[in-house]
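Contents: one structure, followed by commentary.
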Amino acid sequence: MYRKTYAVIDSEKLKRNTKEIIKKYSKYNYYIAVVKNNAYHHGIKIVNDLIEAGINYLAVSSLEEALDIRKINNEIPILVLEPISLEFIDDCQMNAITLMIENLEELKKLNEKKLTYPQKVHLKIDSGMNRLGFKERTEIKEAVKIIETNEKIVLEGLFTHFATSGRNDSYYDQQLATFKELTKDMHLKDIPIIHIDRSLTFVSHKKPSFVTGVRLGIVLFGFNGSIKPTKNIKGKLSNLKRQFVLKRNHISESILENHLKLETAFSLYSTVMSIRTVKKGEIVGYNGFYKAKKEERVATLPIGYADGVTKEFQNVAINGKKYKIINDAMDMLSVLVDESVKIDDKVEIFGETISIKEVTTKLNINSYHLFNLISNRVPRIHKDKEKEIEIKY
Ligand SMILES: Cc1ncc(COP(=O)(O)O)c(C=O)c1O
């Protein structure tokens, strides 16, 4: 690494998270890690940590992402969550990629292909998200018939996707009912993997008996979605109000608090590259956005909006103390510092002193967006018990 701006990805924490989830929710046969978008920008190297800790299936968005994973893991089954054009069926077959099938036309086209190897498919049911999936019971019935008559197409999985958490709304219940209705003609027991939940719906609802798998995304990266009830009067009142709303709208009971002990594994650092003293009235950076109110000490850091970090982050931490960001640019940030700060000091953008929660609150975004902001220009240092490896994506 030449430019000292980097993310540290702690693989031990990711392994602990995975083991904790599997230990506390042990009734599934398939733990499917959703590792799209470069494993939520943690870097795909982490898939081998997740697998070591118990993950036995992966899911990604595209064939590109699936094939990137194949470069580092040849065995783990991979499901692509979006349709793949059948002109690439050979790439799927050669790399043992599981296809999702979301409409009859695509299945008919697949049925006509001369497949070299058995092709695993998961049927997607549109229970109300209205993005992808079968919406008609008759079409699902026909799809099953086609699969049954083609020995090269293997119905390994059945799934759907929830639009809401169902904690305070009835849409989860409606989607679940729709899923059951649409799949009434299927022999669910004969399908090895039935997966309906994502992280937040998984921790918020009891596992339906027919479900055998779960798709785990953000929970693996340290977010358990738990809400602790406050014991003061305000908390009690808000709980009473919630119970009333649930009853009035016939919303089934859900779980707000869980005791999953998870850690975030993604920290971001830079370095003090230069320090100067500016006089009262001098500006710092572009456009005179910051004007010194008195004689001040300004540190310049080699990190900017091209890396995903802007002045809206508000603070950085140096030696455990927070300092204010006063201006930003594509590649640099300016920070007000005191006499204790020296050139080459390590700067934390988030990590030990500044939590991810603190940053997402300031930016008014969620953790998915924060991870996504940190661009692939930032090398990821993949750290485990024995070594640290720098990875450029
Ligand atoms: C189909 C599907 N399943 C599961 C997930 C994982 O979601 P989460 O990170 O909330 O667990 C995603 C993520 O976008 C998804 O698109």
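Values in this text are rule-based calculations from the coordinates and carry no lab data. Remember, it's a predicted structure, so these values are computed and weren't measured experimentally. Cβ sites come from the backbone with ideal geometry, for glycine too, and all protein chains shown count toward neighbours.
Observations on the structure shown:
- Qualifying chymotrypsin sites (Phe, Trp or Tyr not before Pro) for the stretch 1-77 [loop in DSSP, other Cβ within 10 Å: at most 16]: 2
- On the beta carbon distance between residue 391 and residue 240, with R0 = 56 Å, the FRET formula returns roughly 0.65.
- Of the GluC sites (Glu not before Pro) found in the stretch 46-132, those in coil by DSSP whose Cβ has at most 14 other Cβ atoms within 10 Å are 75.
- Close amide-amide hydrogen proximity is noted between residue 156 and 121, each under 5 Å apart and 5 or more residues distant or on a separate chain (H modeled in the peptide plane; Pro and chain starts excluded).
- Among 327-334, 354-361, sorting by the average number of other beta carbon atoms lying within 10 angstrom of each residue, highest first, gives 327-334, 354-361.
- Annotation: extensible slack from residue 22 through residue 130 equals 35.8 nm (criterion: 0.36 nm per residue apart, minus Cα-Cα distance).
- Using θ = phi - 60° in the Karplus curve 6.51 cos²θ - 1.76 cosθ + 1.60, the 3J(HN,Hα) couplings for the stretch 82-98 round to 10, x, 10, 4, 5, 5, 9, 4, 5, 5, 5, 5, 5, 10, 6, 9, 7 Hz; x is entered for Gly and Pro.
- DSSP-defined antiparallel bridges as percent of all bridges, the chain, nearest 5: 50
- Principal-axis tilt of helix 11-24 within the chain, Cα atoms, nearest 10 degrees: 40
- In plain terms, the bigger the Kirkwood radius, the slower the diffusion; for the stretch 1-123, with that radius from Cα pairs, at 4 °C and 1.567 mPa s, Stokes-Einstein puts D at 82 µm²/s.
- Computed from phi, the 3J(HN,Hα) profile of the stretch 262-267 under the Karplus parametrisation 6.51, -1.76, 1.60 (θ = phi - 60°) reads 10, 10, 7, 10, 10, 10 Hz, with x in place of Gly and Pro.
- Principal-axis tilt of helix 233-248 within the chain, Cα atoms, nearest 10 degrees: 30
- Alpha-carbon centroid distance for the pair the stretch 28-56 / the stretch 364-393, whole angstrom: 15
- Here's how it looks for residue 375: its modeled amide H is under 5 Å from those of 308, which are all 5 or more places away or on a different chain.
- Pairwise FRET efficiency - residue 358 versus residue 169, Cβ, R0 = 41 Å, nearest 0.05: 0.90
- Efficiency of FRET from Cβ geometry, residue 277 and residue 206, R₀ 51 Å, rounded to 0.05: 0.25
- Cα convex hull volume per residue for the stretch 63-207 (Å³): 119
- Distance from the Cα centroid of the stretch 183-213 to that of the stretch 238-312 is 37 Å (rounded to whole angstrom).
- Here the stretch 1-60 is described by how far its Cα atoms reach on the three principal axes: 47, 22, 14 Å, from widest to narrowest.
- Its convex hull of Cα atoms gives the chain a direction-averaged projected area, equal to a quarter of the hull surface, of 23.4 nm².
- Distances between placed amide hydrogens fall under 5 Å for residue 134 paired with 124, 125, 126, all partners being 5 or more residues away or on another chain.
- Intensity falloff of the stretch 266-354 expressed as log10 I(q)/I(0), Debye formula with alpha-carbon point scatterers, at q = 0.13, 0.19, 0.25 Å⁻¹: -0.36, -0.79, -1.34
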